[in-house]
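The values are calculated or read from the model by the stated rules, or taken from the named source; none is laboratory data. Bear in mind that the values here come from a model prediction, so they are computed numbers and not experimental data. Positions of Cβ are generated from backbone atoms using ideal geometry, with glycine treated the same way; all protein chains shown enter the neighbour counts. Remember, those area values only see protein heavy atoms, side chains included, never the ligands or the DNA or RNA. Shrake-Rupley method; radii C 1.70, N 1.55, O 1.52, S 1.80 Å.
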Amino acid sequence: MLNCGFTSEWNTLLAVQAGAAATLTGLVFVAVSLNLDRILSFPGLSGRAGESILQFLQIFFIATLALVPRQSTEALAVELLVIALCFEFVQVSLQIRFVRANAASPRMWMVYRATLSQLGTLPFFVAGIALLAGYCPGIYWLVPGFVFSFASALMGAWVLLIEIRR
(Lines give C-alpha, C1' and ligand atoms only; values in the text may rest on other atoms or scores of the structure.)
Protein backbone atom coordinates (compact mmCIF):
# COMPACT_ATOMS: atom_id res chain seq x y z
CA MET A 1 0.00 0.00 0.00
CA LEU A 2 1.55 3.25 -1.20
CA ASN A 3 1.19 6.28 1.03
CA CYS A 4 2.57 9.47 -0.48
CA GLY A 5 1.86 11.44 2.69
CA PHE A 6 0.73 14.55 0.83
CA THR A 7 -2.74 14.98 2.31
CA SER A 8 -1.71 17.13 5.28
CA GLU A 9 0.34 19.38 3.01
CA TRP A 10 -2.62 19.81 0.70
CA ASN A 11 -5.36 20.29 3.32
CA THR A 12 -5.69 24.06 2.96
CA LEU A 13 -5.77 24.02 -0.83
CA LEU A 14 -8.28 21.16 -0.92
CA ALA A 15 -10.52 22.77 1.71
CA VAL A 16 -10.53 26.07 -0.19
CA GLN A 17 -11.34 24.30 -3.45
CA ALA A 18 -14.20 22.36 -1.86
CA GLY A 19 -15.64 25.48 -0.22
CA ALA A 20 -15.41 27.59 -3.35
CA ALA A 21 -16.95 24.85 -5.49
CA ALA A 22 -19.84 24.36 -3.06
CA THR A 23 -20.52 28.10 -2.92
CA LEU A 24 -20.38 28.54 -6.68
CA THR A 25 -22.64 25.52 -7.21
CA GLY A 26 -25.27 27.34 -5.16
CA LEU A 27 -24.82 30.47 -7.24
CA VAL A 28 -25.35 28.54 -10.47
CA PHE A 29 -28.58 27.16 -9.02
CA VAL A 30 -29.66 30.76 -8.32
CA ALA A 31 -28.70 31.80 -11.87
CA VAL A 32 -30.73 28.93 -13.30
CA SER A 33 -33.75 29.74 -11.17
CA LEU A 34 -33.62 33.43 -12.16
CA ASN A 35 -33.44 32.62 -15.87
CA LEU A 36 -35.27 29.30 -15.98
CA ASP A 37 -37.82 30.33 -18.64
CA ARG A 38 -35.11 31.67 -20.93
CA ILE A 39 -32.85 28.67 -20.36
CA LEU A 40 -35.65 26.26 -21.21
CA SER A 41 -36.54 28.23 -24.35
CA PHE A 42 -33.10 27.54 -25.91
CA PRO A 43 -32.55 23.92 -26.97
CA GLY A 44 -29.60 22.41 -25.15
CA LEU A 45 -29.02 25.31 -22.77
CA SER A 46 -30.28 23.32 -19.81
CA GLY A 47 -27.38 20.96 -20.55
CA ARG A 48 -25.01 23.93 -20.31
CA ALA A 49 -26.41 24.62 -16.84
CA GLY A 50 -25.89 20.98 -15.97
CA GLU A 51 -22.29 21.10 -17.16
CA SER A 52 -21.54 24.12 -14.98
CA ILE A 53 -22.98 22.40 -11.95
CA LEU A 54 -21.10 19.19 -12.79
CA GLN A 55 -17.77 21.02 -13.09
CA PHE A 56 -18.22 22.56 -9.64
CA LEU A 57 -19.40 19.26 -8.15
CA GLN A 58 -16.41 17.47 -9.66
CA ILE A 59 -14.08 19.86 -7.83
CA PHE A 60 -16.10 19.50 -4.63
CA PHE A 61 -16.09 15.68 -4.67
CA ILE A 62 -12.41 15.36 -5.56
CA ALA A 63 -11.30 17.89 -2.95
CA THR A 64 -13.52 16.34 -0.29
CA LEU A 65 -12.39 12.77 -0.97
CA ALA A 66 -8.74 13.85 -1.04
CA LEU A 67 -9.22 15.22 2.48
CA VAL A 68 -10.24 11.85 3.93
CA PRO A 69 -7.73 11.08 6.70
CA ARG A 70 -5.37 8.09 6.49
CA GLN A 71 -6.66 7.10 3.07
CA SER A 72 -4.25 5.10 0.93
CA THR A 73 -2.87 6.64 -2.21
CA GLU A 74 -4.37 3.79 -4.24
CA ALA A 75 -7.83 4.49 -2.82
CA LEU A 76 -7.53 8.17 -3.73
CA ALA A 77 -6.30 7.24 -7.21
CA VAL A 78 -9.31 4.99 -7.80
CA GLU A 79 -11.66 7.69 -6.49
CA LEU A 80 -10.13 10.25 -8.86
CA LEU A 81 -10.53 7.90 -11.80
CA VAL A 82 -14.13 6.98 -10.96
CA ILE A 83 -15.18 10.61 -10.47
CA ALA A 84 -13.43 11.75 -13.64
CA LEU A 85 -14.93 8.90 -15.66
CA CYS A 86 -18.48 9.51 -14.40
CA PHE A 87 -18.32 13.26 -14.91
CA GLU A 88 -16.67 12.86 -18.32
CA PHE A 89 -19.43 10.53 -19.47
CA VAL A 90 -22.23 12.85 -18.38
CA GLN A 91 -20.60 15.97 -19.81
CA VAL A 92 -19.89 14.40 -23.18
CA SER A 93 -23.48 13.12 -23.29
CA LEU A 94 -24.79 16.64 -22.63
CA GLN A 95 -22.51 18.09 -25.30
CA ILE A 96 -23.59 15.53 -27.89
CA ARG A 97 -27.21 16.29 -27.07
CA PHE A 98 -26.50 20.02 -27.54
CA VAL A 99 -24.87 19.48 -30.94
CA ARG A 100 -27.82 17.39 -32.11
CA ALA A 101 -30.36 19.98 -30.90
CA ASN A 102 -28.42 22.97 -32.30
CA ALA A 103 -27.06 21.84 -35.65
CA ALA A 104 -27.11 25.43 -36.96
CA SER A 105 -25.10 26.95 -34.10
CA PRO A 106 -21.46 27.85 -34.80
CA ARG A 107 -19.19 24.83 -34.31
CA MET A 108 -16.58 27.04 -32.64
CA TRP A 109 -18.95 27.51 -29.67
CA MET A 110 -19.06 23.77 -29.13
CA VAL A 111 -15.33 23.31 -29.69
CA TYR A 112 -14.58 25.96 -27.07
CA ARG A 113 -17.09 24.52 -24.61
CA ALA A 114 -15.93 20.93 -25.06
CA THR A 115 -12.25 21.89 -24.87
CA LEU A 116 -12.71 23.72 -21.58
CA SER A 117 -14.67 20.87 -20.03
CA GLN A 118 -12.09 18.32 -21.21
CA LEU A 119 -9.26 20.43 -19.80
CA GLY A 120 -11.17 20.42 -16.51
CA THR A 121 -11.59 16.65 -16.36
CA LEU A 122 -8.52 15.14 -18.04
CA PRO A 123 -6.01 16.30 -15.37
CA PHE A 124 -7.99 14.32 -12.79
CA PHE A 125 -7.54 11.20 -14.96
CA VAL A 126 -3.82 11.92 -15.20
CA ALA A 127 -3.55 12.40 -11.43
CA GLY A 128 -5.43 9.16 -10.78
CA ILE A 129 -3.32 7.15 -13.23
CA ALA A 130 -0.07 8.64 -11.92
CA LEU A 131 -0.96 7.91 -8.29
CA LEU A 132 -2.12 4.40 -9.16
CA ALA A 133 1.26 3.85 -10.85
CA GLY A 134 3.03 4.97 -7.67
CA TYR A 135 4.12 8.37 -8.96
CA CYS A 136 3.39 10.64 -5.98
CA PRO A 137 4.04 13.97 -7.79
CA GLY A 138 1.01 13.06 -9.92
CA ILE A 139 -1.06 14.81 -7.25
CA TYR A 140 0.02 18.11 -8.79
CA TRP A 141 -2.27 17.35 -11.74
CA LEU A 142 -5.16 18.24 -9.44
CA VAL A 143 -4.20 21.92 -9.75
CA PRO A 144 -4.82 22.31 -13.51
CA GLY A 145 -7.94 20.19 -13.07
CA PHE A 146 -9.25 22.63 -10.49
CA VAL A 147 -8.27 25.69 -12.55
CA PHE A 148 -9.83 24.49 -15.80
CA SER A 149 -12.91 23.10 -14.06
CA PHE A 150 -13.51 26.48 -12.46
CA ALA A 151 -12.90 28.23 -15.79
CA SER A 152 -15.30 25.93 -17.62
CA ALA A 153 -18.01 26.20 -14.98
CA LEU A 154 -17.69 29.97 -14.74
CA MET A 155 -17.96 30.34 -18.53
CA GLY A 156 -21.16 28.32 -18.40
CA ALA A 157 -22.44 30.44 -15.53
CA TRP A 158 -21.60 33.57 -17.53
CA VAL A 159 -23.74 32.30 -20.41
CA LEU A 160 -26.61 31.51 -18.02
CA LEU A 161 -26.47 34.91 -16.31
CA ILE A 162 -25.28 37.41 -18.92
CA GLU A 163 -25.22 36.09 -22.46
CA ILE A 164 -28.74 34.70 -22.22
CA ARG A 165 -30.02 38.26 -21.79
CA ARG A 166 -28.45 39.57 -25.01
Next item on the list: Kindly indicate whether any position in the stretch 129-146 is over 23 Å from Glu74 (Cβ atoms) and under 11 Å from the mean Cα position of the chain (by Cα).
Entry: no
Next item on the list: With the condition kept exactly as written, say whether any residue in the stretch 133-152 is surrounded by fewer than 17 Cβ atoms within 10 Å (Cβ to Cβ) and within 19 Å of Leu27 (Cα to Cα).
Entry: yes
Next item on the list: Identify the single condition in (1) at pLDDT 85 or above; (2) of a type in the set (Phe, Trp, Tyr); (3) within 29 Å of Ile96 (Cα to Cα); (4) surrounded by fewer than 21 Cβ atoms within 10 Å (Cβ to Cβ) that Trp10 does not satisfy, given that it satisfies every other one.
Entry: (3)
Checklist line | Search result, residues across the stretch 26-43 that are of a type in the set (S, T, N, Q) and closer than 25 Å to Val99 by Cβ | finding: Asn35, Ser41
Notebook entry, point to check: What number of residues within the stretch 18-46 are among the small types (Gly, Ala, Ser) and at pLDDT 90 or above?
Noted result: 6
Check: Of the residues that sit in the stretch 67-92 and are of a type in the set (Asp, Glu) and free of Cβ contacts under 8 Å to residues at least 60 places away in the same chain, which one is least open to solvent (accessible area, probe 1.4 Å)?
Finding: Glu88
Notebook entry, point to check: How many residues are out of contact with any Phe, Trp or Tyr (no Cβ under 8 Å at 6 or more places or on another chain) and open to solvent by 20 Å² or more (accessible area, probe 1.4 Å) when one looks only at the stretch 46-66?
Noted result: 6
